[in-house]
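Written below as structure tokens is the structure these notes are about.
The values are calculated or read from the model by the stated rules, or taken from the named source; none is laboratory data. As the structure is a prediction and not an experimental result, all values here were calculated from the model. FYI the Cβ positions are ideal-geometry reconstructions off the backbone, even for glycines, and counts take in every protein chain you see. Heavy atoms of the whole protein, side chains included, go into the accessibility calculation; ligands, DNA and RNA do not. Shrake-Rupley method; radii C 1.70, N 1.55, O 1.52, S 1.80 Å.
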Amino acid sequence: MLALTALGVSLGTAAAHAGVDDDHPRRGLAIGGECTDCDFSDKNMAGAIIIGASFEGSTFSESELGGATIVESRFTDTHFRETDLSHSRLSGVTFLRSDMREARFAASRIERVNFSDADLSEADFSGTQMTFTTFIGSTLSETLFAGAQMSQVNFFRSFLSDTNFRGAVLRSANFSEITGDAPNFLNADLRGANFDRARLDGVNFTGADLRGASFAAAVMTDVSGLTKESVRGACGDADTQIESGIVLPVCVNRETVVSEETGEGFSYVWQISRHGDADTVIRMVAGEPDNLTAVTRAGEVIDLHGRQIDLDALREVSSNALRDIARAEREISRVQRTRAEAIAQREIEREAQRQGREIERQGREIERAAARERAAAREVERAAARERAAAEARGVQFSFELREEAAPRSRPNPDPGQRPPPPRPPRPPQ
């Protein structure tokens, strides 16, 4: 299914669709609409603006999307392997179950983006700024988050293997029920982070700030870098097992969401405030990441602990989203005006071409008429020549006399052997 709108600023820029062969940059390209199973692989779309689009089952593998702006769009089951999205702006975007191995997001701004169940192995998020971003059930093997600034980020049940969070800001991040080995949190800011029921081996917390973090029922082996100062205010419970020589106090005054169906309790970082939404949270953490968009909407999120909500971050997200949408709408309007002007110019050119063809047709008609007249003149000449030849054959000579008052006439000459008649005598006067 293809229902995609693509407008180019420069003339001759084709609409982007499956099978596009143009590898040139599309400066100012704006895309919206729906495109299923489309192929955008190995294309240069740097600086593109994508608004309200859906690309289910499509591929952008090995394409250039650096500096792109993507707003309120869905890329479910889409391929972004080795795709360059560095220095991009993403707001309200879903990459559910997408293959994003070795994708590059370095120095990007990411707000309200859902990477749930995506494969982000060896992806690069270094230096990114993230707000309200989710990685529920994602694969993060050798993924790089070095120096990333993250607020209200959710890694629930994700898989971490050699994942690098060196120097990242991860305040109040949700790492509950994560699994994996050798994640690196060197010098990371993990204040207020949630590691409940995490299962990790070979964790490096050297230089990390874990004050106020929660480790309830967490099991961590071969842990390095923990100090009494780094975990000041952190807590666990009777099921906490951390091989570091550090004993954590038991967490108190914890709020827990309990499933009525299974009786299982979930401590969760985010919960929307409307009555009856606890079931939505339970279903979400149980593995339905599509419901996550109901939670990540700015203005609907609160913290179970009452201290993890960042109102400044909310205001910044809302303000940035509105600015992005307004900027994108202005760009769309400008592109549409340019396209309208281009269409009008092409219509003028087509009219000029039609007039030129009409003039050429009339010229050919005149030439054909002149050719017919020349042919008729030649026919007259040939007829006159035949007439002269016939007269000469009869021994008749023609002479022409030109008078001022009369047109020339032709008359036969008298026989040279015949004597002319005598002149008439003059009339007597009357």
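Rounded, prolate or oblate: pick one for the range 53-177, where a ≥ b ≥ c are the square roots of the eigenvalues of its C-alpha gyration tensor, a/c under 1.5 means rounded, and failing that, prolate if a/b is larger than b/c, else oblate.
Rounded, because the longest to shortest axis ratio a/c is under 1.5.
Quick one: if you stick a label point 7 Å off each Cα along the C-beta vector at I348 and V252, how many nm between them?
In this crude label model, I348 to V252 measures out at 8.1 nm.
Would you rank D84, D237 by solvent-accessible area, highest first, keeping every protein chain in place and using a 1.4 Å probe?
D237, D84
Taking the Cβ-Cβ separation of Q241 and E341 as r and a Förster radius of 60 Å, what is the calculated FRET efficiency to the nearest 0.05?
Efficiency for this residue pair is about 0.30.
Determine the shape class of the range 116-164: with a ≥ b ≥ c the square roots of the Cα gyration tensor eigenvalues, call it rounded for a/c under 1.5, and otherwise prolate if a/b is greater than b/c, oblate otherwise.
oblate
If I model a spin label as a point 7 Å beyond the Cα along the Cα-Cβ vector, how far apart are those points for A383 and R232 in nm?
Between A383 and R232, the label points sit 12.4 nm apart.
Name the shape class, rounded, prolate or oblate, that the alpha-carbon gyration tensor gives for the range 168-218, where a ≥ b ≥ c are the square roots of its eigenvalues, rounded holds for a/c under 1.5, and otherwise prolate holds if a/b is larger than b/c and oblate otherwise.
Judged from the Cα gyration tensor, the range 168-218 comes out oblate (a/c at least 1.5, b/c at or above a/b).
Could you rank V113, V252 by how accessible they are, 1.4 Å probe, largest area first?
The residues order as V252, V113, largest area first.
Work out the FRET efficiency for E329 and I366 from their Cβ-Cβ distance, taking R0 = 51 Å, and round it to the nearest 0.05.
0.40
What distance in nm lies between label points placed 7 Å from Cα along the C-beta direction at T36 and E62?
It works out to 2.8 nm between the two label points.
Can you pull the accessible area of H79 for me, 1.4 Å probe, Å² to the nearest 10?
Solvent-accessible area, nearest 10 Å²: 80 Å².
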